[in-house]
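The values are calculated or read from the model by the stated rules, or taken from the named source; none is laboratory data. Only a predicted model underlies this, so the values are computations on that prediction, with no experimental measurement involved. Here the Cβ is made from the backbone with ideal geometry for all residues, glycine too, and neighbour counts use every protein chain on show. These area figures cover heavy atoms from the full protein model, side chains too; ligands, DNA and RNA do not enter into them. Shrake-Rupley method; radii C 1.70, N 1.55, O 1.52, S 1.80 Å.
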Amino acid sequence: MIRTAAPSLTAEDWNGLYASGRVTPRLIGDGERRSAHRTLSVACGMSAVDLGCGTGKWTRQLAAWGLDTIGLDFSQVALTQARAAVSRARYELWDINDEATSDLLPPGSIDIISCRLSFSLFDRSRLLPNVRRWMAPRGRLYILTNITDQHDGKLPAYECGMSEEDITSLGSDGWHVRDVFRLNRRVGIVLQPSGSPHP
């Protein structure tokens, strides 16, 4: 059973963190860049959504690969910083944990959905069914997360992660793990709905 997220920071909390500079852009290493590109089978012209995009560093990476990319976040300050960077990506304000369904994500339309260092902030019991609905055939969900077991419980609230047990549980409840790659104390995971067609 996939656990739901613990109570997390509010949009006002995040606005304050981004405005103060305490949350800085999350650097993308060459190892992650190569592994994600390979395991996601990236091809120019695909559509991508970056959930919890923050200041948009990963959103811009997706766009740089030639994907039609939108970044979604509920921090207006983060999105203002994201839009200040030159990119083909676009950004929209949306609280993914909200009850409202966004018109930005039509059913069956998204090839790659990413939650880079944001997955554990979402209510997974709502997120995963939504992701399945938004996802195109052969679509993939990319998760990059801190491994909490390796951080001795010292991660700040805005850098939360998942335990090894929670990571293992991702390959259940109608999903299968297509690929996993380790990056020091983080792990990249690519999921597909069980029964989805393979390329």
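With each label modelled as a point 7 angstrom along the Cα→C-beta vector, the ARG22-HIS176 pair spans 4.3 nm.
Placing a label point 7 Å from the Cα of ALA136 along the Cα-to-Cβ direction, the residues of the range 75-118 with a backbone N closer than 12 Å are 108-113. What is the projected area of the convex hull of the Cα atoms of the chain, averaged over all directions, in nm²? The orientation-averaged projected area of the Cα hull of the chain comes to 10.3 nm².
Dividing the Cα radius of gyration of the range 1-105 by 2.2 N^0.38 Å, with N the residue count, gives 1.12.
Measuring only protein heavy atoms, the 1.4 Å probe finds VAL86 accessible over about 150 Å². For a modelled paramagnetic label at LEU104, 7 Å from Cα along Cα-to-Cβ, the residues of the range 130-148 in reach, with backbone nitrogen under 19 Å, are 130-136, 140-144. ARG33 contributes an accessible area of around 70 Å² to the protein surface, as traced by a 1.4 Å probe with all chains present. If R0 equals 45 Å, the separation of the Cβ atoms of LYS154 and SER41 corresponds to a calculated FRET efficiency of about 0.80. With only Cα atoms counted, the range 6-55 has Rg and Dmax values of 14.9, 37 Å. Measuring only protein heavy atoms, the 1.4 Å probe finds ASP73 accessible over about 10 Å². For the chain, adding -39500 (n - 2.57) for each run of n ≥ 4 DSSP H residues and dividing by the number of residues yields -7500 deg cm²/dmol at 222 nm. Note on the chain: dipole from Cβ charges, positive end direction compared against ALA82, GLY29, GLY139; the farthest Cα belongs to GLY29.
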